[in-house]
Amino acid sequence: MAKVLIVDDSPTEVHVLQSLLEKNGHEVVVANSGEEGILVAKETLPDVVLMDVVMPGMNGFQATRQLSKQEETAHIPVIIVTTKDQETDKVWAKRQGATDYIVKPVQEKALVEHLKMVLSG
């Protein structure tokens, strides 16, 4: 299955996402901030990144922009996973280079479907 990088500052959210992903056979790597997410993405080259938006320091939109602009990580799809459900947030996410957008709380079925869609290109 896929190697998935979760970038989220909430231990609870990380635990929930990691449990759902591992239950569905995915390998999980975790970063607790936008800055760490960029470093971990470069080191591990995951198949997909699940990116929270609201984090201290670099937010998820900024981290997504960095990943989509850097040659070694530009090919990695980023799915924004956030409580922000405004249409303007979704448009902004796409402009930063996000491939997809999921609103929390994440449902297992929706997460699996989004991953399949993004990974199949």
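Read-outs: derived from the displayed coordinates by stated rules, not from any lab. All values derive from a computational prediction rather than experimental measurement. Neighbour counts run over all protein chains shown; Cβ positions are idealised from the backbone, glycine included.
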Residue hits (the range 74-102; within 24 Å of Gly25 (Cβ to Cβ) and among the β-branched types (Val, Ile, Thr)) are Ile76, Val78, Ile79, Ile80, Val81, Thr99, Ile102
Flagged pairs (Cβ under 8 angstrom, 6 or more apart or on separate chains; first in the range 94-121, within 14 Å of Asp47 (Cβ to Cβ); second of a type in the set (Ser, Thr, Tyr) and outside any helix (DSSP H, G or I)) are Val118/Thr99
Only one of Ala98, Ala93 is among the small types (Gly, Ala, Ser), touching a Pro at 6+ places or on another chain (Cβ under 9 Å) and closer than 15 Å to Asn59 by Cα, namely Ala98
Residue hits (the range 30-46; buried (at least 18 other Cβ atoms within 10 Å of the Cβ) and in contact with a Lys or Arg (Cβ under 9 Å, 6 or more places away or on another chain)) are Pro46
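Restrict the check to the range 5-19 and report whether at least one residue is loosely packed, with under 15 Cβ neighbours inside 10 Å and on the phi > 0 side of the Ramachandran plot. I'd like the intermediate steps shown before the answer.
Quick first cut of the range 5-19, residues loosely packed, with under 15 Cβ neighbours inside 10 Å only: 10-12, 15, 19.
Filter once more, keeping what is on the phi > 0 side of the Ramachandran plot: none.
So far as the range 5-19 goes, no, none of its residues is loosely packed, with under 15 Cβ neighbours inside 10 Å and on the phi > 0 side of the Ramachandran plot.
How many residues, within the range 12-37, are in a helix (DSSP H, G or I) and more than 20 Å from Gln107 (Cβ to Cβ)? Before the answer, list the steps.
Keep residues of the range 12-37 that are in a helix (DSSP H, G or I), which gives 12-23, 34-37.
Restricting the remaining residues to those that are more than 20 Å from Gln107 (Cβ to Cβ) gives 34-37.
Matching residues across the range 12-37 total 4.
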Considering residues that are in contact (Cβ under 8 Å) with a residue 60 or more places away in the chain and within 15 Å of Ile102 (Cα to Cα), the number found within the range 7-26 is 6
